[in-house]
Amino acid sequence: MQKPLILVTNDDGITAPGLRALVKFMKEVGDVFVVAPDSPQSGMGHAITLDNTLYSKKMKVDLMNGAKEEYSCSGTPADCVKLGLQELLDRRPNLCVSGINHGSNSSINVIYSGTMSAAIEAGIEGIPAIGFSLCDYSWEADFDQAKESIIKIVKEALENGIPKGVVLNVNIPKLSKKELKGIKICRQARANWKEKFDKRTNPMGKDYYWLTGEFELLDKGEDTDEWALANGYISVVPTQFDLTAHHAIQHINNWNLHE
């Protein structure tokens, strides 16, 4: 039997330890093909390249644990998936996995995430997709702690499928393998960022800004991704890319817009 083809991408760049770990894990499941940014693209969301040229380069980053084929891409995570599907892969992948991201993509962070946008781009193309994130920003983070859980989620997705119009947002707490309590299917917690800008002046007298802020959790529910992560569980949030607020249609229909 032909092994499943798994497209691996991310937003931290093709040499990021999280992606290298995910490639190693996915090789135990199927044939691995990588298309990932040639430089960090965190916080890019679903941006795509329109006014600049895109470049790709065939690479072999890790001779021992590398994929069958790997390409770096000069564009965004969404660009990587588009280019991979349209130009670089010789057959349609059975699954796209994005990550493992260095840092959380839970709750409102999913909106800004390049990791999740890559998965969403695959989902738009009808390919089952999962974004993986570890709640540890360190470049030396221990990704092996969640290996068994990641492989389990991937195998279940391949065997049972993911509903159309849905991708999975998986976040892993910064815990040892022994400390992990399991996996919880959750909803996205209501939260936002209380943002500030740190204004500074460069030596030439020109003002510039650094974005800072504090995470503000507005949700006390025990069925959310934030609750799961805080209590030692891996969170799995089915995430849809149809942004229609279906519950609001009737309310807006009551406005005086039809005369």
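The values are calculated or read from the model by the stated rules, or taken from the named source; none is laboratory data. What you see is a predicted model, and the numbers here were worked out from it, not measured in a lab. Positions of Cβ are generated from backbone atoms using ideal geometry, with glycine treated the same way; all protein chains shown enter the neighbour counts. To get the accessible areas, we keep the full protein, side chains included, count just its heavy atoms, and leave off ligands, DNA and RNA. Shrake-Rupley method; radii C 1.70, N 1.55, O 1.52, S 1.80 Å.
Give the residues of the stretch 50-64 that are open to solvent by 90 Å² or more (accessible area, probe 1.4 Å), touching a strand residue (DSSP E or B) at 6+ places or on another chain (Cβ under 7 Å) and in a loop (DSSP other than H, G, I, E, B), sorted by residue number. If you could, list the steps in order and put the result at the bottom.
Initial filter on the stretch 50-64 (open to solvent by 90 Å² or more (accessible area, probe 1.4 Å)): 50-53, 55, 57-58, 60, 63-64.
From what is left, the residues that are touching a strand residue (DSSP E or B) at 6+ places or on another chain (Cβ under 7 Å) are 57-58, 60.
Hit for the stretch 50-64 is 60, nothing else.
Which one of 47, 67 is small (Gly, Ala, Ser), open to solvent by less than 10 Å² (accessible area, probe 1.4 Å) and either part of a helix (DSSP H, G or I) or modelled with pLDDT under 95 (or both)? Explain how you work it out, then say what you get.
Details: 47 fails: open to solvent by less than 10 Å² (accessible area, probe 1.4 Å).
Step by step, each of 47, 67 is checked, and only 67 is small (Gly, Ala, Ser), open to solvent by less than 10 Å² (accessible area, probe 1.4 Å) and either part of a helix (DSSP H, G or I) or modelled with pLDDT under 95 (or both).
For the stretch 24-42, which positions are outside any loop (DSSP other than H, G, I, E, B) and surrounded by fewer than 23 Cβ atoms within 10 Å (Cβ to Cβ)?
Keep residues of the stretch 24-42 that are outside any loop (DSSP other than H, G, I, E, B), which gives 24-26, 31-37.
Of everything in the stretch 24-42, those that are outside any loop (DSSP other than H, G, I, E, B) and surrounded by fewer than 23 Cβ atoms within 10 Å (Cβ to Cβ) turn out to be 24, 31.
Taking residue 90 as the residue in question, decide whether it is more than 23 Å from residue 151 (Cα to Cα), in a loop (DSSP other than H, G, I, E, B) and open to solvent by 10 Å² or more (accessible area, probe 1.4 Å). Walk me through it before giving the result.
Working: more than 23 Å from residue 151 (Cα to Cα): yes; in a loop (DSSP other than H, G, I, E, B): yes; open to solvent by 10 Å² or more (accessible area, probe 1.4 Å): yes.
So residue 90 passes the test.
Give me the pairs, please: first residue somewhere in the stretch 138-151 and free of Cβ contacts under 8 Å to residues at least 40 places away in the same chain, second residue anywhere and part of a loop (DSSP other than H, G, I, E, B), beta-carbon distance under 8 Å, and either six or more positions apart or on two chains.
Final answer for the pair search is 142/136; 142/176; 145/175; 145/176; 145/177; 145/180; 148/177.
Please go through the stretch 126-156 and pick out each residue that is loosely packed, with under 15 Cβ neighbours inside 10 Å and part of a loop (DSSP other than H, G, I, E, B).
Residues satisfying the conditions are 126, 137, 138, 139, 140.
So residue 21 fits all but one of (1) aliphatic (A, V, I, L, M); (2) closer than 19 Å to residue 122 by Cα; (3) not in a loop (DSSP other than H, G, I, E, B); what number is the exception?
(2)
If residue 196 passes every condition in (1) surrounded by 10 or more Cβ atoms within 10 Å (Cβ to Cβ); (2) in contact (Cβ under 8 Å) with a residue 40 or more places away in the chain but one, which one does it miss?
Unmet for residue 196, out of (1) surrounded by 10 or more Cβ atoms within 10 Å (Cβ to Cβ); (2) in contact (Cβ under 8 Å) with a residue 40 or more places away in the chain: (2).
When residues of the stretch 217-226 are filtered for being free of Cβ contacts under 8 Å to residues at least 60 places away in the same chain, in contact with a strand residue (DSSP E or B) (Cβ under 9 Å, 6 or more places away or on another chain) and either over 20 Å from residue 169 (Cβ atoms) or open to solvent by 70 Å² or more (accessible area, probe 1.4 Å) (or both), how many remain?
2
Quick grid of which residues meet (1) among the hydrophobic types (A, V, I, L, M, F, W, C); (2) open to solvent by 60 Å² or more (accessible area, probe 1.4 Å); (3) over 22 Å from the mean Cα position of the chain (by Cα):
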residue: 174; (1), (2), (3): no, yes, no
residue: 202; (1), (2), (3): no, no, yes
residue: 233; (1), (2), (3): no, no, no
residue: 239; (1), (2), (3): no, no, no
residue: 246; (1), (2), (3): no, yes, yes
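List pairs: first residue in the stretch 237-250 and on the phi < 0 side of the Ramachandran plot, second residue of a type in the set (Lys, Arg) and outside any loop (DSSP other than H, G, I, E, B) anywhere in the structure, Cβ distance under 8 angstrom, at least six positions apart or on different chains.
Close Cβ pairs (under 8 Å, with a partner that is of a type in the set (Lys, Arg) and outside any loop (DSSP other than H, G, I, E, B)) amount to 237/187.
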